[in-house]
Each structure stands twice: as C-alpha cells, then as structure tokens.
Amino acid sequence: MLRSLIIVCCCVFCAVTVRAQTIFSGRVFENKTRITLRGVIVKNQSNNLRAITDESGRFSIAAKVGDLLVLSTFSYQPDTLLLTDMHDKEIFMEPQKTMLNQVTITDSSGKSSAADKNMRYYDPQFHGQTMVYHRDKYGNYDGGVILRLHYFTGDDKKKRIAQQKEENRILSEEITTIFNADNIGHYVPLKGADLDNFLLLYTPDIKTYNTKDFNLSNYLNSCYKTFLTLSPEERKAGQLFRKE
C-alpha cells in the first residue's frame, strides 16, 4: 500500500513539473529587414537557463507562462519578452544607435578648422553614410564595422551631395543583401524563373525601402498578392529592365 502511494505521488509530482516547465521556442529577426539573427543569447530570468539562436535565428528554452526572457547580442539593443502563452513567437531586435564622437583633424595646411567642421563619423542607423556594420555571408552582423572616411573642404551643398551619394550606396548594398533569391525564397512560395521575375519586378528602389514605415513582411505579402494576379507575360515584364 505504501509503495503504491509513493508511486502515485511521484507520478503526480512529475506531471505537475512537466506542465509547469515546458519548452518555449522562438525566432529572432532584425527589425525592419527581417534578417535572422544568430548568436543571440536568450536568458530566462526565472530559472537562469540560457539558450543561443542558431543560423536561422531559432532557439528553444525551458520556460512557463509568466517567465521573463532577456535577449542580448553585440550591436543590438537588449530586448525582453514576457511569456503570456507558450506559442512560438517571432522577436524583433533593434540595432544599436550610438553616435560616435566628432573627429578632430589637424594638418599643416591651415585647413584644420574646415576639417573640424566637416569631418565626422556617423552611425549608419541614422544613415550617416561613413560607417556601416560588417555582415557575414548570411547577411547577419558579425561584430565588425566598415569605415569610409570623407574629407570635405568645399561648401555645404557639395558636402550634402556627397553624403547623399554615400547614403544611397549603403542603402543599395542593404537592398542587394536582402532581395536575393536565397533570402526572399524563404518568404514567398516561388522558385526558379517565377522567383527571378518576382525579384525583378518588386525589388524596391531606395526611396521605397528607406521610408519610415517600410516593413519587409508586409511589403512582400502585398507584392506577392499582386504577382499572382499577373499574366505570364506581365510577370516577365521586369526582364525588359534587366541590366546586362
């Protein structure tokens, strides 16, 4: 009798424990671009367990409703997630927005005052044009930076033109990184020639991509719905503008 009671108690205890502590899974993206982030540390503040995201941005961690997860990684603002249910979730992290100090340049030409006025390092998240985060082959930030220095001694108009050109170049690189068949193929159910034609038609220009409310998921969803309404000839229209 005692043995049976012990067995029943153990079963009840295990059932309660399993129910209270289950596995929560999620996927981490960069906000706006939906580029998956690997290497993000996910810590459960309730049980001090940790997990790290893989190459597809996915993670799993023991947790329960009411637990608070803290996400952190280099070059991104820390984020928190309060678990209100145990359904898989997508989490979006914001890149750090840190403006570096002004650079002072002194030379023997007597132009140091102009250099002091015009020479700055800018954070790319403000589209400052002279510094960008380095990305790995998966399009994820890998902790490095690329500096592009400019020495302006002309008038403000020339300076603004040069900065605008640099900003456009950086944005073009971002668009090229995101809008390729390997990446976009994860978000729209197209392959081969159809996917190529979709990219030719709907890869956004700089103005569209740089709008404040641009959201990759919403943009692709809208474009895909429009693409489905096109005739086979209309889907190939983008080929007329292909650069050789």
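The values are calculated or read from the model by the stated rules, or taken from the named source; none is laboratory data. Computed from a predicted model, the values in this text were never measured in an experiment. Note: ideal-geometry Cβ built from the backbone for every residue, glycine included; neighbour counts use all protein chains shown. Side chains included, ligands, DNA and RNA excluded: accessible areas come from the protein's heavy atoms. Shrake-Rupley method; radii C 1.70, N 1.55, O 1.52, S 1.80 Å.
With R₀ set to 45 Å, the beta-carbon distance separating Thr84 from Asp156 gives a calculated FRET efficiency near 0.30.
Rounded to the nearest percent, how much of the accessible area of the stretch 177-222 (1.4 Å probe, protein heavy atoms only) is carbon and sulfur?
Percent of accessible area from carbon and sulfur atoms in the stretch 177-222: 48.
The simple spin-label model puts a point 7 Å past each Cα toward its Cβ; for Ile41 and Phe214 those points are separated by 3.3 nm. Too long at a 28 Å Cα-Cα cut-off: which of Lys159/Lys212; Lys89/Lys212; Lys32/Lys89; Lys43/Lys212? Exceeds cut-off: Lys43/Lys212.
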